[in-house]
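Worksheet: one structure, shown below.
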Amino acid sequence: MNFEYTDRSKELQAQIADFMQQHIFPLEKAYFDFTDEHPWQVYPEIERLKSLAKKAGLWNLFLPPNYGDWSPGLSNLEYAPLAALMGQVVWASKVFNCSAPDTGNMEVLSKYGTPEQQAQWLQPLMDGQIRSAFLMTEPQVASSDATNIETSIVRDGEEYVINGHKWWSSGAMHPYTKMYIIMGKTDPTAPRHAQQSMIIVPANTPGIKIIRPLKVYGAYESPEGHAEIALENVRVPASNLLVGEGSGFQIAQGRLGPGRIHHCMRLIGAAERALQLMCKRVSERTTFGKEVSQYSSIRQEIAKSRCEIEQARLLTLSAADKIDRFGVKAAKDLIAMIKIVVPNMTCTVVDRAIQAHGGMGVCQDTPLANFWIYGRAIRIADGPDEVHMYQLGRNTIKQVLAGG
Ligand SMILES: Cc1cc2nc3c(=O)[nH]c(=O)nc-3n(C[C@H](O)[C@H](O)[C@H](O)COP(=O)(O)OP(=O)(O)OC[C@H]3O[C@@H](n4cnc5c(N)ncnc54)[C@H](O)[C@@H]3O)c2cc1C
């Protein structure tokens, strides 16, 4: 395994680091002040930043070469350090058109969409003109097991009719969100993993009712937000179905590919930044006649954080490298490992940094509180920790018993 970055990745790292310094860090706090005061409105500087990033070629870098002409050609290993740089500011990835849930939806559409679906939805997403949401989770069933999903997608002539109740639809509150990819059942009598399908639904289709935005630890995470949505006799053309009836799980596997390790890549950057902030803060304050950085307990926290970030970073690069060389299926254990390790590591490291900042750490004057919320929510949003452990434990036992 060689984790030496390619020249292209190094050049892009320098460009993104510079872009962050010049354009993103100076506006980091103003963004949150604006979104706090203007829920569901887009911070006016975002579109300007997006066009600067696009002009600089720092655009759609997330899509690996096996996505053909849609890809700018970077491997997951080349992209990982770029995503970490973006992760230093929780809203930065959208400036580079590299943010969830659009990235997952773009992956799905580039891999499974028809030329017509791609022209209508993928192209404007890739151009950053529209946003999107992915509607799988439902309040009435345990959705970490997607076979439980109950939304019905029923064929009626040249249309499908959709009825159901969704929540945690990230991005659905954003004023630019024009389409959803909805998961539901086309045939509840089919074998367990052939009941589900995915279908494209324009956000303005009659019968879609936004019930309310959900808060994450008290924050709306505006303008994207996380919506609870009722779907009542929502009709779309039959040609909006992705791939074919019963392909929902096959597509979900694709969606769980590279896109799902982007959160881990970004969280490494968030943890790095938290550690930097912690080191600076403890070097600026004095208690009981000593600089806080001089206390052994503080140095131990910093040392442990340094080790844990590096361990998690190498594990993430290892997963990215395995996906690049052998595909998502072969990398599934490493993907599970980083999903277990990285968000937990981020929460631990950020929590130490919060503690070292005292009262300042829990308020809006540093990015730490948002980093912690991000890491904590990902322990559920990207599939609960326990589900990754359940699958990794099962695979490990199988491999040991098979003598592997
Ligand atoms: C901030 C945020 C954003 C999200 N964005 C989206 C989105 O855009 N689109 C979308 O469709 N969904 C989204 N979700 C939903 C997320 O994917 C689900 O919350 C997640 O899959 C868990 O489903 P659930 O909430 O129904 O929990 P449940 O399935 O009810 O699980 C609850 C708990 O049961 C335990 N558990 C479950 N299985 C096992 C097991 N095998 N072993 C041991 N314990 C287990 C775990 O502790 C788990 O956390 C988001 C969630 C959050 C918090």
Estimated FRET transfer efficiency (N66, T205; beta-carbon r; R0 30 Å; 0.05): 0.40
Area of Y160 that stays accessible when all protein chains are in place (1.4 Å probe, Å², to 10): 10
Among Y79, A53, P101 - extreme Cα towards positive end, dipole of the stretch 37-108, charges at beta-carbon: A53
Solvent-accessible area, 1.4 Å probe, carbon plus sulfur percent, for the chain: 54
Relative contact order of the stretch 256-401, pairs being alpha-carbon contacts under 8 Å that are 6 or more residues apart, as %: 29
Surrounding net charge for L49, when Lys and Arg each add one and Asp and Glu each subtract one, Cβ distance under 13 Å: +2
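With the other protein chains left in place, how much accessible area per residue, in square angstrom, belongs to the chain at a 1.4 angstrom probe?
Result: 45 Å² of accessible area for each residue.
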Amide H contacts of S170 (H built 1.01 Å from N, under 5 Å, at least 5 apart or other chain): F134, A227
Three-way shape call for the stretch 265-404 based on the alpha-carbon gyration tensor, with the a/c threshold at 1.5: prolate
In range of the label at C279: residues from the stretch 70-100 whose backbone nitrogen is under 12 Å from the point 7 Å along Cα→Cβ: none
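Checking the a/c ratio against 1.5 first, then a/b against b/c, what shape does the Cα gyration tensor give for the stretch 139-196?
Judged from the Cα gyration tensor, the stretch 139-196 comes out oblate (a/c at least 1.5, b/c at or above a/b).
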log10 of Debye I(q)/I(0), alpha-carbon scatterers only, for the chain at 0.10 Å⁻¹: -0.68
Degrees separating the helix 332-357 axis from the principal Cα axis of the chain, which is the longest one: 40
The stretch 352-395 - Debye-derived log10 I(q)/I(0), Cα point model, q = 0.27, 0.29 Å⁻¹: -0.85, -0.91
Sequence-separation-based contact order of the stretch 59-111, relative, with Cα cut under 8 Å and 6+ spacing, percent: 36
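Assign unit charges at the C-beta atoms only (+1 for Lys and Arg, -1 for Asp and Glu), then state the dipole size of the stretch 251-404 relative to its Cα centre in Debye, rounded to the nearest 20. Could the numbers behind the result be given before it?
Working: 22 positive and 14 negative charges, 54 e Å.
Around 260 debye, computed over the stretch 251-404.
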Cβ charges +1 (Lys, Arg) and -1 (Asp, Glu), total dipole of the chain, debye: 720
Extension gain (nm, one decimal) between E386 and K329, 0.36 nm per residue minus Cα-Cα: 18.5 nm
Ranked packing of 243-252, 370-379, most packed first, by mean Cβ within 10 Å: 370-379, 243-252
Contour excess over end-to-end distance, with Cα ends at E45 and C363 and 0.36 nm allotted per residue: 112.1 nm
The stretch 131-243: C-alpha gyration tensor shape, a/c 1.5 cut-off, then a/b vs b/c: oblate
Mean Cβ count within 10 Å, highest first, over the residues of peptides 357-369, 6-18: 357-369, 6-18
Estimated vicinal HN-Hα couplings, Hz - the stretch 366-382 in sequence order (Karplus 6.51, -1.76, 1.60; Gly, Pro = x): 10, x, 5, 4, 5, 4, 5, 4, 4, x, 5, 5, 5, 5, 10, 5, 8
Full-stretch length increase - Q21, T147 - with 0.36 nm per residue and alpha-carbon distance subtracted: 40.9 nm
Using a Förster distance of 45 Å, the FRET efficiency for A14-S239 (Cβ separation, nearest 0.05): 0.50
Farthest toward positive dipole pole in the chain [+1 Lys/Arg, -1 Asp/Glu at C-beta], among T137, Q123, Q300: Q300
More than 23 Å apart - percent of Cα-Cα pairs taken over the stretch 7-99: 24
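The values are calculated or read from the model by the stated rules, or taken from the named source; none is laboratory data. Note that this is a predicted model, so its numbers are computed, not measured. Neighbour counts run over all protein chains shown; Cβ positions are idealised from the backbone, glycine included. Accessible surface areas use protein heavy atoms only, side chains included; no ligands, DNA or RNA. Shrake-Rupley method; radii C 1.70, N 1.55, O 1.52, S 1.80 Å.
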